[in-house]
């Protein structure tokens, strides 16, 4: 049977970012240095395939520090943790390695700097997301007010409207955040923003590639996990940019082929914590069913690399 032709647009950049790459490397190097098991507080990155692979190598994933024994190393996830977590690890005399993405750490430092200058913080982020919890936990309770939407800006009640600064989660929708920042500036003209935007380069780049690709595509699939904020934002960006069908899939087996019946063009991208092996798996699934022509839609070239902590670069 002749396969129907399909133009497959492949977004670039896509998949792993430097912070995710570094976090995974930290777990692998920790196992190499200290042997298994090594404990990891929260999923190191939001991807089941990656987490399962590290579990097979000897990582044990827990949600809270008190689930870890004191005689084994513990790693804090790429999303960052409240200050109380390393403090508790030190109190228990634990060996710990912080795999917080350096771009998230930059937001933590920024929040602390503003607080030291006497400013109350407003954080634009998603309630309950580990990164938001970690950033808000850099300062005492009540010092960081959370807003998720433009509507929230009208409801927020700061101590002093003249003494405010804002930070954002690094994985938000660029377009949504612009609207929320505009609302903050309109309501609090004295509010201080970041020198350079907090939304990270990888989130921005992946959203730009999807915007460029979406008008050409009958459908877009984003390879990523349901609990991955940046992956879910890519689905929203694709839909807004003019693609009628944009969906998140974790693996090729999750593709709804009936929904794709009759398509002639397909876009594929992946969130920052999705490995290339899963992207290739999805591409291969299309090649099994269609006569595929692959076209790259490249909007940026990334060459960022973050060093792992010194404790892991030193030999035992």
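We did not get these values from a lab; they are worked out from the coordinates using the rules stated. Just so it is clear, the model here is predicted, and its values are computed rather than measured. Glycine gets a Cβ as well: all are built from the backbone with ideal geometry, and neighbour counts include every protein chain shown.
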Please identify, among 216, 287, 196, the residue showing maximal mean-square fluctuation in a Gaussian network model of the chain using a 10 angstrom Cα cutoff.
196
Quotient of Cα Rg and 2.2 N^0.38 Å for the stretch 1-44, N being how many residues it contains
2.02
Give the order of 257, 34 when sorted by the count of other beta carbons within 10 angstrom, beginning with the fewest.
257, 34
Measuring from centroid to centroid over Cα atoms, what is the spacing of the stretch 138-213 and the stretch 107-125 in Å?
12
Debye-sum result for the stretch 103-187 in log10 I(q)/I(0), which assumes one identical scatterer on each alpha carbon, at q = 0.15, 0.21, 0.23, 0.24 Å⁻¹:
-0.48, -0.99, -1.19, -1.30
Calculate, for residue 239 and residue 32, the FRET efficiency according to 1/(1 + (r/R0)^6) with r their C-beta to C-beta distance and R0 30 Å; round to the nearest 0.05.
0.10
Which of 221, 164, 145 has the fewest other C-beta atoms within 10 Å, and how do the rest follow up to the most?
145, 164, 221
Please express the Cα-Cα pair-distance distribution P(r) of the stretch 1-77 as a list of whole percents, one per 10 Å bin, running from 0 to the bin with the greatest distance.
17, 42, 18, 11, 8, 3, 0
The stretch 153-199: Cα Rg divided by the 2.2 N^0.38 Å rule of thumb
1.12
Neighbour-count order for 121, 136, fewest beta carbons within 10 angstrom listed first:
136, 121
Given an 8 Å cut-off on Cα distances and at least 6 residues of separation, report the relative contact order of the chain as a percent.
27
Under 20 °C and 1.002 mPa s, how fast does the stretch 120-265 diffuse according to Stokes-Einstein, given a Kirkwood radius computed over C-alpha pairs? Answer in µm²/s, whole number.
128
Tail weight of P(r) past 27 Å, computed on alpha-carbon pairs of the stretch 1-152, percent
34
In µm²/s, what is D for the chain at 37 °C and 0.692 mPa s, where D = kT/(6 pi eta Rh) by Stokes-Einstein and Rh is the Kirkwood radius from Cα pairs?
158
Centre separation in Å (Cα based) which lies between the stretch 1-32 and the stretch 216-287:
13
How much mean residue ellipticity at 222 nm does the chain get from its helices, if each DSSP H run of length 4 or more adds -39500 (n - 2.57) and you divide by all residues, to the nearest 500 deg cm²/dmol?
-11500 deg cm²/dmol
